[in-house]
Amino acid sequence: MASSSPQDEAWRENDFVSGARPGTNDFRHALVERAAEVIKARYAEPLTLSDLASTTRTSPFYLNRIFREVTGAPPRRFLAAVRMAAAKQLLVATDLTITDLSYRVGYLSVTTFSAQFTRMVGLPPRELRRRLRTVADIKLSSLVDGPHESPANGHAPGRFQRGGVSRLFSPVALDGSAGLDSPMLTAFYAAFSGWVPQGVPIACGCASVPGPFELHGRTDYLVGLMACAYPGSSTVAESLMASNDQTYVARLHQLAPDSNDDIALVFTRAQPADPPIVYAAPLLRCSELSLPIQGRADCAD
């Protein structure tokens with residue numbers, strides 16, 4: 001008798017797959033969403049890949065592979081993003097020390113936590129809290145770029161100049177599934193030198209949705225373009241506290257520096273299996289505008 005594969009076992013033993021056959025998109029998404037739920041519920045624990053695999057009754061190898069396929073990141077990176085999102089919320093909402101906060105989100109070493117936070121969020125935890133004191137109540141709608149000269153057809157091919165100032169105009173829209181009839185969002189656009197949107201972007205911009213946008217930055221190459229958006233009436237502090245279901249995202253696009261491709265971004269509400277947006281876009285934007293923080297070097301120019 002032929003032995004069962006891990007995915008066959010998961011299909012038979014778990015009701016969360018809703019009858020989907022192994023190998024189908026529904027099956028993979030169900031397993032990944034289950035694993036993501038466990039990560040979000042138990043991020044403060046020392047979770048391992050084996051722990052997650054046991055919750056879906058499949059093998060660590062299989063779960064790691066499909067998790068990366070569905071979310072764009074392996075489980076360990078997703079776990080780190082969830083921890084950083086929780087840390088951002090605690091920095092905004094509590095007076096916990098950085099040491100106590102690091103323990104609260106699952107780190108045994110405050111040094112490791114601070115280094116990871118800085119790498120993923122774009123600035124150290126103490127610096128985030130310091131900057132937030134002066135910009136917490138600023139409305140996101142006040143951070144948008146000024147009006148742009150739009151081409152007659154409403155958009156233009158995107159081009160990133162090698163070694164020069166990077167600009168991209170593109171129409172953006174909100175998908176009907178977002179659940180708003182006449183939305184006005186403030187969107188933060190960023191290009192990263194890696195496929196994972198974290199840290200300080202190499203090019204960035206801010207605009208209202210719907211509408212065109214422009215990226216500013218200096219780079220010889222671009223890899224990932226992503227965007228997140230929040231209601232324009234939200235404040236900087238509220239955006240840092242926003243959970244996935246309060247965030248709108250436009251899917252990551254891979255770009256080349258000499259690309260002429262037109263990029264049209266469509267925003268939807270973040271899904272359960274989407275990694276949290278952890279880089280501190282509104283704070284970095286405030287620094288870029290020097291409002292009211294001194295210095296403006298968070299986006300390369």
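The values are calculated or read from the model by the stated rules, or taken from the named source; none is laboratory data. Note that the structure is predicted; figures quoted are calculated from it, not measured. All Cβ positions, glycine included, derive from the backbone under ideal geometry; neighbour counts span all protein chains shown. Surface accessibility is based on the protein's heavy atoms, side chains included, excluding ligands, DNA and RNA. Shrake-Rupley method; radii C 1.70, N 1.55, O 1.52, S 1.80 Å.
Report the residue count in segment 244-301 for those that are open to solvent by 20 Å² or more (accessible area, probe 1.4 Å), at pLDDT 70 or above and part of a loop (DSSP other than H, G, I, E, B).
6
Can you tell which of L180, L225, L132 is out of contact with any Ser or Thr (no Cβ under 6 Å at 6 or more places or on another chain) and modelled with pLDDT of 85 or more? It would help to see each step written out before you state the result.
Values: L180 fails: modelled with pLDDT of 85 or more; L225 fails: modelled with pLDDT of 85 or more.
Residue meeting the stated conditions: L132.
Residue by residue through segment 73-126, note down the ones that are more than 20 Å from the chain's Cα centre (by Cα), part of a helix (DSSP H, G or I) and among the charged types (D, E, K, R).
D100, R104, R126
Tell me yes or no: at least one residue of segment 100-113 is of a type in the set (F, W, Y), open to solvent by 10 Å² or more (accessible area, probe 1.4 Å) and under 29 Å from L284 (Cα atoms). Break it down into steps so the answer makes sense when it comes.
The initial filter retains those residues of segment 100-113 that are of a type in the set (F, W, Y), namely 103, 107, 113.
Narrowing the set further to residues that are open to solvent by 10 Å² or more (accessible area, probe 1.4 Å) leaves 103, 107.
Applying the additional criterion that residues be under 29 Å from L284 (Cα atoms) yields 103, 107.
For segment 100-113, residues of a type in the set (F, W, Y), open to solvent by 10 Å² or more (accessible area, probe 1.4 Å) and under 29 Å from L284 (Cα atoms): present.
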